[in-house]
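Working notes, beginning with the structure itself.
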Amino acid sequence: VQLQASGGGLVQAGGSLRLSCVTSGRAGSSYSMGWFRQAPGKEREFAAAINWTTARQFYAASVKGRFTISRDSAKNTVYLQMNSLKPEDTAVYYCAADSRGGAWLRDRGADYWGQGTQVTVSS
């Protein structure tokens, strides 16, 4: 499984960005994809995940209500729509995938990782 993320950039506080991640394949019926982020000097943290077959979504409390994760099965792509961005959302965002479902990915991390894409929110 290979993951290719894109869509990061610089935006002012209150603005929006959409990240995309294309996957080359899926591993198992419980396949899930998601996004983690890592701010400077901090550990990588979970942001959002989605179960590929059921589209059930999982969110970190810090992004719930502002970020929306979705997937396009025909394009093998997962999206992260980020609205009402705050300076504290500044981080490198990593696309991730796992064969054990969104809850596992949220709580235990992922088997597969893409390269990061930088998101910078200015105040």
Select from the stretch 1-42 the residues that are closer than 13 Å to residue 77 by Cβ and charged (D, E, K, R) and write down the one among them that is surrounded by the fewest Cβ atoms within 10 Å (Cβ to Cβ).
18
Quick check on residue 106: is it of a type outside the set (S, T, N, Q), surrounded by 15 or more Cβ atoms within 10 Å (Cβ to Cβ) and outside any strand (DSSP E or B)?
yes
Residues being in contact with a Lys or Arg (Cβ under 6 Å, 6 or more places away or on another chain) and open to solvent by 40 Å² or more (accessible area, probe 1.4 Å): count how many of those fall in the stretch 57-92.
3
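Any residue at all in the stretch 43-55 that's among the hydroxyl-bearing types (Ser, Thr, Tyr), open to solvent by 70 Å² or more (accessible area, probe 1.4 Å), more than 30 Å from residue 123 (Cβ to Cβ) and at pLDDT below 95?
So far as the stretch 43-55 goes, yes, one or more of its residues are among the hydroxyl-bearing types (Ser, Thr, Tyr), open to solvent by 70 Å² or more (accessible area, probe 1.4 Å), more than 30 Å from residue 123 (Cβ to Cβ) and at pLDDT below 95.
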Residue 120 passes all but one of the listed conditions (1) in contact with a strand residue (DSSP E or B) (Cβ under 7 Å, 6 or more places away or on another chain); (2) part of a helix (DSSP H, G or I); the exception is number (2)
Condition test on residue 111, is it surrounded by fewer than 19 Cβ atoms within 10 Å (Cβ to Cβ), at pLDDT below 95, in contact with a Phe, Trp or Tyr (Cβ under 8 Å, 6 or more places away or on another chain) and of a type in the set (D, E, K, R)?
no
Just to be sure I understand, how many residues within the stretch 44-71 are over 17 Å from residue 99 (Cβ atoms) and of a type in the set (S, T, N, Q)?
4
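The values are calculated or read from the model by the stated rules, or taken from the named source; none is laboratory data. Note that the coordinates shown come from a computational prediction; the quantities given were computed from them, not determined experimentally. Glycine also receives a Cβ, built like all others from the backbone with ideal geometry; neighbour counts cover every protein chain displayed. The area values use the complete protein model at the heavy-atom level, side chains included, leaving out ligands, DNA and RNA. Shrake-Rupley method; radii C 1.70, N 1.55, O 1.52, S 1.80 Å.
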